[in-house]
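Notes to accompany the following structure.
The values are calculated or read from the model by the stated rules, or taken from the named source; none is laboratory data. Being a predicted model, the structure only gives us computed values, none of them experimental. All Cβ positions, glycine included, derive from the backbone under ideal geometry; neighbour counts span all protein chains shown. Just the protein is used for accessible areas: all its heavy atoms, side chains included, with ligands, DNA and RNA removed. Shrake-Rupley method; radii C 1.70, N 1.55, O 1.52, S 1.80 Å.
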Amino acid sequence: MKNPLKEWDDKKLSPFHIKTMLVAGAGTFVDGYDLTVGSLVLTIIEESQGINLESASEILFLSIILGNFLGAIIFGYLAKHGRKKFYGIDAMLMTIGAVMQAFADTPILLSVVRFLLGLGIGADYVLSPLVAAEYANKKDRGKLMAIAGGLMWNLGALLSVITVLVLSTFLPPDLLWRISLALGALPALIVIYARRKFPETPRYLLYIKGDLKSLNKYYDIKLTETPQSHINWSILLIPLILASGTWYLFDVAAYAGVFFGPNVIAESIGVNGIIFELIVLAIFAIPGNVISAFFVDRAGRKLLQTIGFLGMGVSIIAFAIIGSKLALPLFGIYGLMAQVGPGTIVGFWGVELFPTMIRGITNAITVMSGRLGVITTALLFPLIINSYGIQITLIVLGILSLIASALTLFLRETKDKSLDEFELLREKV
């Protein structure tokens, strides 16, 4: 049975595709808000809790990323028991975790609730791109995933910047960080409501549940048999390693800017941290997402990610060496190239290169690799910055980006390919 969902793949872009894209992207939006707002109030929490940069980094970032790691493992496994079934629990965890941050009176308690928030975000990192891809048609899958992923993440980050900027004009510091962190619960509540209204994805119904009746009911697809298949890990292992490796390297490089850009890097060039983040997001990162969404189904995933990593490496090394008046534009170009390429695309591979039966697991593995990169950043980069200075740190980030650019060349292009083509990699012959 070759490409049994061809009818669905060939459908034109419809309101259903747009709605599912927005629902998937809403969770990513919350993630962008929650991780970025932590970096914006980092110095305030240092003073409020009487801790140093390393401790604040562990409380705000390491705790949430460890939660991401565990959430990805759990929900990556559970995804084989239903995409829709667990596609609201993640948002519930995000809501509870965000609200409880406002009432955390000690560093330990703040770490605990940030870990809970991280569980929900980690789950959503697995589920959102997975369902976005499985709902999508073939022609527009890239742009739908790009908008639901990288663009929505940065829009959430931008909202966090605007929120802190506005609240800082009338709230005292101790209230500012609490309310800013807790407001991440509002978009998460919308996610819980919206996700209840969508049917199970067509590929889950066919390839895992074998429910041809529901496939016909919800998607008007009439089939008389269910494909029988097995998993061929010998074919899938190398793509999984490459996909995981590129995400790891991207998050090491990117989150150094996310976590320390608004304070350490901005301070080094004499720019207010919140204004610095606003400029980088609005002028560079979000336009990069838009460019990527426009070209990803035309130029392809490999080309954009390769160029993106290359641009990141060159610009951040130039930033480290030249500095001074060109510092902000060079760091902005770094953000632009990150979002044109890997910031938008790196999460595609764990979904698009693998069959439905194990898509939750493979996406979870790539997500965990990315989270491991963030943990590396949260633990090591404060030490590297303090020991060797910002210039050496940025050169290291540039070299890692160039390595990731080279690794991307070995990934298989998924542009214009049905997800069903990757089901064939596991069919019995």
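Could you give the length gained on full extension between Asn386 and Asn216, defined as 0.36 nm per residue of separation minus the Cα-Cα distance, in nm?
55.2 nm
Among Gln339, Gln391, Gln305, determine the one that fluctuates most according to a GNM of the chain built with springs between C-alpha atoms less than 10 Å apart.
Gln391
Leaving out ligands, DNA and RNA but keeping every protein chain, what accessible area does Tyr218 have, in Å² rounded to the nearest 10, with a 1.4 Å probe?
110 Å²
Taking a probe of 1.4 angstrom, what is the accessible area of Met100 in Å², to the nearest 10?
80 Å²
For segment 1-130, just the Cα set please: Rg and Dmax, both in angstrom.
For segment 1-130, the Cα-based Rg and Dmax read 17.9, 64 Å.
Just to be sure I understand: with springs between alpha-carbon atoms less than 10 Å apart, which residue in Phe276, Phe410, Phe331 has the highest mean-square fluctuation in the Gaussian network model of the chain?
It is Phe410.
Rounding to the nearest 20 debye, state how big the charge dipole of the chain is about its Cα centre with +1 on each Lys and Arg Cβ and -1 on each Asp and Glu Cβ.
1540 debye
Counting only protein heavy atoms, what percent of the accessible surface of the chain is carbon or sulfur at a 1.4 Å probe?
Exposed carbon and sulfur together represent 70 percent of the surface.
Write down the accessible area per residue of segment 273-407 in Å², having rolled a 1.4 Å probe over the full set of protein chains.
Ligands and nucleic acids excluded, the result is 33 Å² per residue.
Mind ranking Ser292, Ser387 by accessible surface for me, highest first, 1.4 Å probe?
Ser387, Ser292
Can you compute 3J(HN,Hα) from phi for each residue in segment 270-276, using the Karplus curve 6.51 cos²θ - 1.76 cosθ + 1.60 with θ = phi - 60°, rounded to whole Hz and x for Gly and Pro?
x, 10, 4, x, 5, 5, 4
How big is the charge dipole of segment 37-185 about its Cα centre, in debye rounded to the nearest 20, if each Lys and Arg gets +1 on its Cβ and each Asp and Glu gets -1 on its Cβ?
For this selection, approximately 980 debye.
Return the distance in nm (one decimal) between the two label points of a simple spin-label model at Asp105 and Tyr193, each offset 7 Å from Cα along Cα→Cβ.
If labels sit at Asp105 and Tyr193, their model points lie 3.3 nm apart.
Work from the charge dipole of the chain (Cβ charges, +1 for Lys and Arg, -1 for Asp and Glu, about the Cα centre) and give the residue of Ile403, Ala327, Leu380 farthest towards its positive end.
My answer, from the dipole projection, is Ile403.
Choose one of Leu310, Leu212, Ala293: the residue whose Cα lies farthest towards the positive end of the charge dipole of the chain (beta-carbon charges +1 Lys, Arg; -1 Asp, Glu; about the Cα centre).
Result: Leu212.
Please work out how much accessible surface Tyr125 shows to a 1.4 Å probe, ignoring ligands, DNA and RNA, in Å² rounded to 10.
Here the accessible area works out near 30 Å².
What does the charge dipole of segment 358-429 about its Cα centre add up to, to the nearest 20 debye, if the Cβ of each Lys and Arg holds +1 and the Cβ of each Asp and Glu holds -1? Don't skip to the answer; put the middle values down first.
Details: 7 positive and 6 negative charges, 33 e Å.
Rounded to the nearest 20 debye, it is 160 debye.
Give me the distance between the Cα centres of segment 299-334 and segment 183-248, rounded to whole Å.
A separation of 34 Å, based on Cα centres.
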